[in-house]
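Asks: Please read through the structure below; I'll follow up with questions.
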């Protein structure tokens with residue numbers, strides 16, 4: 001094969017092998033927890049794109065690609081706090097799981113609550129996982145790291 005044809009073929013193969021990031025939507029009104037979560041997620045060799053929002057209303061607009069979120073990527077995983085302003089995490093979860101376009105997106109509840117009723121209610125609404133945020137900084141980073149390892153290296157996520 002002439003060199004110019006080989007170079008053209010190589011460019012085509014490289015374009016086809018484009019690596020897509022794993023899109024994570026993090027919804028938490030506690031800015032400190034959000035920053036810690038983002039840092040723990042980024043502390044890996046995975047190609048992650050993380051969008052972070054502070055309330056449930058923003059999360060729903062993001063998922064529906066409304067307003068300033070018109071070009072928002074479809075999340076591969078959602079990390080959702082329960083106690084959010086404007087629209088609660090429970091309401092966001094309920095709307096996600098009721099929407100045919102979003103119901104297969106795994107939703108991890110990451111919250112300060114450890115109440116049995118919150119665990120039961122969120123699983124009944126379709127949560128894929130319920131994790132109580134540890135108070136200890138090192139434990140928090142360890143838990144987020146375990147979530148990252150589980151959801152991105154062990155679990156097979158649905159195709160977009």
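Asks: Per residue of the chain, what 222 nm ellipticity follows from adding -39500 (n - 2.57) for every DSSP H run with n ≥ 4, rounded to the nearest 500?
Replies: Numbers: 6 runs with 66 residues, N = 160.
Taken over the chain, the calculation gives -12500 deg cm²/dmol.
Asks: Set the Förster radius R0 to 41 Å, insert the Cβ-Cβ distance between residue 19 and residue 136 as r into 1/(1 + (r/R0)^6), and round the FRET efficiency to 0.05. It would help to have the intermediate numbers written out before the result.
Replies: Values: r = 35 Å, r/R0 = 0.85.
So the FRET efficiency works out to roughly 0.75.
Asks: Students often check this: by mean Cβ neighbours within 10 Å, which of 106-112, 45-51, 127-133, 138-144 ranks highest, and how do the rest follow?
Replies: Working: 106-112: 21.6, 45-51: 13.1, 127-133: 18.4, 138-144: 15.3.
Going by the mean number of other Cβ atoms within 10 Å, highest first, we get 106-112, 127-133, 138-144, 45-51.
Asks: Computed from the coordinates I sent, semi-axes √(5λ) of the Cα gyration tensor in Å equals one of (i) 33, 19, 14; (ii) 28, 24, 13; (iii) 25, 17, 15. Tell me the label.
Replies: Computed from the coordinates, semi-axes √(5λ) of the Cα gyration tensor in Å corresponds to (i).
Asks: Give me the extension gain from residue 43 to residue 156: residue separation times 0.36 nm, minus the current Cα-Cα distance, reported in nm with one decimal.
Replies: Working: separation 113, 0.36 × 113 = 40.68 nm, distance 2.08 nm.
Between residue 43 and residue 156, full extension yields an extra 38.6 nm.
Taken together, the values in this text are just the output of simple stated rules run on the coordinates, not laboratory data. Values in this document were obtained by computation on a predicted structure and should not be read as measured data. As a convention, Cβ positions derive from the backbone with ideal geometry for all residues, glycine included, and neighbour counts pool all protein chains shown.
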